[in-house]
Amino acid sequence: MIFGSAAVADIMPEESFWSNLPFVVIVLIIVAAIILFAKRFSVWMVLFVATESIDRWKKDRQFYFTEVNGRTVESASELIKFRMNHYAKELPLEKKSAELLGAFKKRRHSGDGDTSGFEDYYTLYETDTLTTDFCSRAVAESKSIMRKYGEKGLYPFLQTRRERKRPVTRACATVIVCNKADFDAVSYVRRNFSKGHTGLAVCICEMSTGRYFLNGAAQSKEWIFETGAEAIAINLIKKSVFCKKLNLKDNSYYMPTHDLPFDPEETFYNTYADIKKDLKTSSGEAKRIAKSLKDGEVYFYDDTVYYKKGERTCAYTVMGEDETEGEEKTDKKTVLIDRSWSYPKTSKMSKKDYDEALLKIEEHLKSSGMDFEFKTFEKWLEEQ
């Protein structure tokens, strides 16, 4: 028997294309999935926002029920204060209102790149009849406590200088235990008290009816929005008032569905088909408008403002939001801007063309009497 290298080569089978076929198939599937996702990226993004809105609606209720706090104002205040003291350390307040039973704070380290650390605050109030004025004073006092006891550079020995310079995310859970609450006071929990990396959420415990009011729509999936201050405040309320879990199974008091982008009872496939159809229709309409504009013309249509220079056109979305200032409501618009042309194809815009486009759009919108401000999408997203 010959054991030479030539004989071994004759015995060993040659590697062929078919032996690597499973690996080739997997690579082709991955490439095809990436191409499909890229071609339908806008559809997937809108679908993600729609499903996230519907998911929040399913967790939101007009009011909640729980049996973990007893049925009297005294027992609820005592149990909630006990849990707050378990999760955080009570602050030695020098001055406080008579209705404030206690304020608590806890520091947490951050592994996130946007914040240097977390500060969790709890404030607990007790009153017989709750009014809107009492809610305003409670929120103002809670905010002053966050400002007074807020720290910078929570972990100086564990962080670099750059990490210490990042903002601290502060969230406060303001819980008000009462016997009876006015209707206007109940709607107070739906207001937005958050700004940037600071958030506050209000929970009203009406013990005469056993109903608990809070803004359940502010809940979000922590693995997606980990540093959302208002979402963190809602989680603090769930821990201190509801023992970490809201009772949704036996509660059918859903919020109205008129603000939802799609019917929550619709199937995933039908929702995807509707989004795809709407985007295709709006894209065709936008291309037609961009083609019909004259050089230097500004045109506002269907919540979109267009500006054309030469053969290229930029299109910016105009978003409306109702802001409450005191007793007056102002309809202020936000123009989402970016430094790029939209038509006939997406391309980078020079600084000169960008400044000229913003100036022309500003003149056009102001002449129509619109109250607005320019914001990039990133800045607008940070404020949500």
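The values are calculated or read from the model by the stated rules, or taken from the named source; none is laboratory data. What you are looking at is a predicted structure, and each value in this text was computed from that prediction instead of being measured. Every residue, glycine as well, gets a Cβ built from its backbone with ideal geometry; the counts of neighbours run over all protein chains shown. The protein model used for the area step is the full one, side chains on, heavy atoms only, and it has no ligands, DNA or RNA in it. Shrake-Rupley method; radii C 1.70, N 1.55, O 1.52, S 1.80 Å.
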- Query: Over its Cα atoms, what ratio of radius of gyration to 2.2 N^0.38 Å does segment 284-323 give?
  - Reply: 1.24
- Message: Along the Cα→Cβ direction, 7 angstrom out, place labels at Arg288 and Asp250. What is the inter-label distance in nm?
- Response: 5.6
- Taking the Cα-to-Cβ direction at Ser368 and at Glu151 and moving 7 Å from each Cα, how far apart do the two end points lie in nm? 5.1
- Task: Report the accessible area of Met146, computed with a 1.4 Å probe over the heavy atoms of all protein chains in place, in Å² rounded to the nearest 10.
- Result: 10
